[in-house]
Structures are given as structure tokens and as C-alpha cells.
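S.K.: This is the structure I have questions about; it appears just below.
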Ligand code: ARG
């Protein structure tokens, strides 16, 4: 049996908590990372209590200096955390009372751990969203710098993983920029709903003390107060929303990783990933494995798993707070840590990619990437698109037999399929001719890609 004399809620208990139950129900092993936010929340709450004449200014001063001492003890690693005190809140409150006596016991006036924990995770998540967004911006800047260097670097654009039409590498990179940008917007939107103050809800119904929630919200930088006390302590939809945005972001990073793994393989050989992002094999001396993208692809699974865990934690809960909610923390923390490490790896790795321009170009020259351009040319000369498609299909078949690209066929050979083809066809069939022709916003013409990069730079710096 555990000793119940230390418990902050021990008053009505006659029997000590079972030792296993004590360990089973405790959260301090993982929620102690919220200590900074817990202390910030307590300071704001105490300041509000004093301004509302619920505690005295001497008591507030004692609380402030006690919390400051505890904070530096935690920072220096000298604070003793106790499982018997269950969670971060009661560990800190007990330490405060041990230091300052009566005033420490008054801190919890008009407050409950239910609104306290909801406040802590919102403060934590707001900070993390800001760090994640800053890392996304760093990655986006890296994408833009690399894209700007490659507005004329031609590579094959693929559909079904088969050569489709030529694109410039900068355009391809800007596709990733757009996806990551939407992820950043989703996080910014989620932050609005995270940044709402639960404190004042107390256990579930509010409090009988004359509190000033607006003041607490202002002190903590919240945009507003939760409008319903039951909702404030019970729902974790803001964390689920974050995990959903995180899952989409990881899905994008995972797709991108897959591409980097393929591109750095000897079969594609489009890019070189610098050695510092790869590791070797313990048995095969020739190996250089793209571990960083592989691991990002692999870590995507745990973020999807956390989203499922959070949804499932919430789905069976009646109003208001239930202990189930303690299970929100580990998936949430793991999602944040995973996201930050994967983004940091990408922000570092993407600008360091070395494209192998000749290989990209040669790959675009194989696979009849300009076949659509030939069909479009015939359409411009008056042939209906379906007929043009047929003519070009036949020429591609001729090319396959002769082992030649369309641009390598003679004019006579091409005219045998359509008299509309004239000598100006050869500029149309070049890779440059093909990309230059797609000259509209959103297209792959180098000039358009340069404009897209300029616009993107403005949007992330503005
Ligand atoms: N450790 C709890 C949690 O993470 C804090 C709130 C506990 N409240 C309670 N009445 N048991 O949700």
C-alpha cells in the first residue's frame, strides 16, 4: 500500500491507494514536460486572484517567488518528482506549499486540475505550433532557393511513374512547396482554436469566486476565453485537429521521401544526397542508403497512429472531464517531437540535394516525352485532337521499332503519317520547346516558374 498522507486529495480516504494503482494512474513521468506552462498558468491565475481581491498582495508575492524558485530547480534538474503526487500540477503545488506555507495552499482557489491541464496543453501546443511553423518556413526557403537555381533544368515529369511530359526541376520542387504551404496554413488555422483559455471552468461548472477570466486570458496571451465550462475541460478536439494537420504534413513528407529514395537509387540516379544524410551497410561496402528520407517515411506511421489514438480516446467520453483525457498527452507529445525532427531533417537536407542535370535531361529524352507536343502541333494545323493522337501514336510505334526518339525521326518518316508535319516540327519536339510552350500561370515554362517563385517568396516573408 502507498502512503496517502502526502496526497493533496487524501481528506476523504480511509484506505491508502494500491501501489500499483498509484503508478498506473500517475502521469508525472510524461506530463512533467508541461512544467513551464503549468507555472506560467499558475502565475497568471494567482495574479488574477490578487487583482480580484481573492488573495492578498503579500500572498501573491510569496507565490511568485516560490514558483520562481521551483522553476529554476526544475530547469537545473534538481527538482524531485514524485509518483505519489500523481501529476505535474500536484508536484509543483506541494513543492510550493512546502516552501511558502499557507499562501501555497491558496493557489488552487477557483481552479481545478481539469481546467489547469487543459490550459497547460493549449499553452504547450501554441508554442509548438510556432516552432513547427518556423521550421516549415525554413524548409520553404530552402525549396525556393533550390528551385530558383533550376528553372531551366529539364527532367521528365511522370504519371503512373512513366515518362509523361518534360518539366523543369524548379517546377517540380514548387509542387512540394505548395503542399507544405497548405500544411502551414492548416496549422495557423488550428492555432486559432488552440489559443482559447479554459481556466475559470474549474472542475466543470465554473467557480463561485468573483474571478476575471479576461484578465487571465490577457496575461497568458490567449485570444479569448472558452465560452462553456463543460466544453472547456472536456474536449480535446484542438489536439485532434493538430494531429490531423500533422498527419497531412507527414503524408506529404512521406511521399516526398519516397521520391528522394527513388531518385537517389542507381536506377533513377537523378540526385545525389550528401553523405551526411545517408548511412552505410555493415556488410555491403558499396552501399549508401538514404536513411533520412526512409526514416521520415517510416515515422509517418506513428503520427497517423497518434491521430487514431486521440480520436479513439475522445469518442466514448460523456461530458465533462474523464481520466481518459490523461491519455491525450503521449500521442500529442510524440506527434510534436516527430514532426519537429522530420521537418528539421528536411529543412537541412532539401537545399543540400545535388541534382544530376545530365541524367535528368537524358531521362526526359527517353520515353517520348514530347509526344503531346507533336499532337498539339497537328491540332494547331487543323487536325482534330483524337486524329492527332492516333498519328502520333503510330509515329511513337515507328520510333520504338527504329530505337529513335520522335525528334530523331526524319521529316519524311513523319510525313508518311501526316502531310501536315513540316520542318518547323523540330523546334516543337525539343525539350526546351515543350516546356516553353506551357507558358501560363501554373505551367512549367521557366518564366512562369520564376514568377511562381517570386510570388511564393513574397507570401512567406509577408
Ligand atoms: N493528469 C490529469 C490529466 O492529464 C490532470 C487532470 C486530472 N484531474 C482529475 N480530476 N483527475 O488529464
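Every read-out reported here was derived from the displayed coordinates using simple, explicitly stated rules and does not represent laboratory data. All values derive from a computational prediction rather than experimental measurement. Cβ placement follows ideal geometry from the backbone for every residue including glycine, while neighbour counts extend to all protein chains displayed.
S.K.: I'd like to compare 444-456, 399-411: which one has the highest average count of other Cβ atoms within 10 Å, and what's the full order after that?
M.R.: So the peptides 444-456, 399-411, ranked by packing, come out 444-456, 399-411.
S.K.: From the C-alpha gyration tensor of the range 10-82, pull out the three semi-axes of the equivalent ellipsoid (sqrt of 5λ each), sorted largest to smallest, in whole Å. Don't skip to the end; give the middle numbers.
M.R.: On the way: eigenvalues 156, 70, 23 Å².
For the range 10-82, the ellipsoid semi-axes come out as 28, 19, 11 Å.
S.K.: Okay, moving on. Computed over the Cα atoms of the range 367-462, what is the ratio Rg over Rh, Rh following Kirkwood?
M.R.: Rg/Rh for the range 367-462 comes to 1.13.
S.K.: Now for a different question. How high is the FRET efficiency between residue 410 and residue 275 when r is their beta carbon distance and R₀ equals 51 Å, given to the nearest 0.05?
M.R.: 0.65
S.K.: For the range 73-221, list log₁₀ I(q)/I(0) at each q in 0.08, 0.15, 0.17, 0.20 Å⁻¹, using the Debye formula over Cα point scatterers of equal strength and ignoring solvent, two decimals each.
M.R.: -0.46, -0.91, -1.06, -1.25
S.K.: How many percent of all Cα-Cα pairs in the range 79-147 sit more than 15 Å apart?
M.R.: Percent of Cα pairs beyond 15 Å in the range 79-147: 68.
S.K.: Helix 237-263 against the longest principal axis of the chain: what's the angle in degrees, Cα atoms only, rounded to the nearest 10?
M.R.: 30
S.K.: Let me have the 222 nm mean residue ellipticity of the chain computed from DSSP H runs of 4+ only, each contributing -39500 (n - 2.57), with the sum over all residues rounded to the nearest 500.
M.R.: Computed mean residue ellipticity for the chain: -20000 deg cm²/dmol.
S.K.: When 342, 184 are ordered from fewest to most other Cβ atoms inside 10 Å of their Cβ, what list results?
M.R.: Final ranking by Cβ density, sparse to dense: 184, 342.
S.K.: Could I ask something else about it? Give me the distance between the Cα centres of the range 58-120 and the range 218-258, rounded to whole Å.
M.R.: 27
S.K.: Which angle between 0 and 90 degrees, to the nearest 10, do you get for helix 113-149 versus the longest principal axis of the chain when only C-alpha atoms count?
M.R.: 20
S.K.: Taking N as the number of residues in the range 120-201, what is its alpha-carbon radius of gyration divided by 2.2 N^0.38 Å?
M.R.: Scaled against compact globular proteins, the figure is 1.56.
S.K.: Now for a separate question. Counting just the Cα atoms, what span does the range 193-278 cover along each of its three principal axes? Round to the nearest Å and put the largest first.
M.R.: Dimensions of the range 193-278 along the principal axes of its Cα atoms: 71, 22, 17 Å.
S.K.: Right, something else. How big, on average over all directions, is the shadow cast by the Cα convex hull of the range 213-348, in nm²?
M.R.: 11.5
S.K.: Would you calculate the convex hull of the Cα atoms in the range 302-396 and tell me its volume per residue in Å³?
M.R.: So the per-residue Cα hull volume is 232 Å³.
S.K.: What span do the alpha-carbon atoms of the chain cover on each of the three principal axes, reported in whole Å from largest to smallest?
M.R.: Its Cα atoms span 100, 52, 38 Å along the three principal axes.
S.K.: A further question on this structure: Starting with the highest mean, order 209-217, 87-95 by the number of other Cβ atoms within 10 Å, averaged over the residues of each peptide.
M.R.: 87-95, 209-217
S.K.: What whole-number value in cubic angstrom gives the convex hull volume per residue for the C-alpha atoms of the range 2-149? Intermediate values should be presented prior to the final figure.
M.R.: Numbers: hull volume 22.4 nm³, N = 148.
Hull volume over Cα atoms, normalised by residue count, gives 151 Å³.
S.K.: Shifting gears a bit: With an 8 Å cut-off on Cα pairs and a minimum separation of 6 or more residues, tell me the relative contact order of the chain in percent.
M.R.: 16
S.K.: By per-residue mean of other Cβ atoms within 10 Å, what is the highest-first order of 247-254, 128-135? It would help to have the intermediate numbers written out before the result.
M.R.: Working: 247-254: 20.6, 128-135: 17.9.
Final packing ranking: 247-254, 128-135.
S.K.: Calculate the length of the line joining the C-alpha centroid of the range 32-46 to that of the range 308-359, in whole Å.
M.R.: 24
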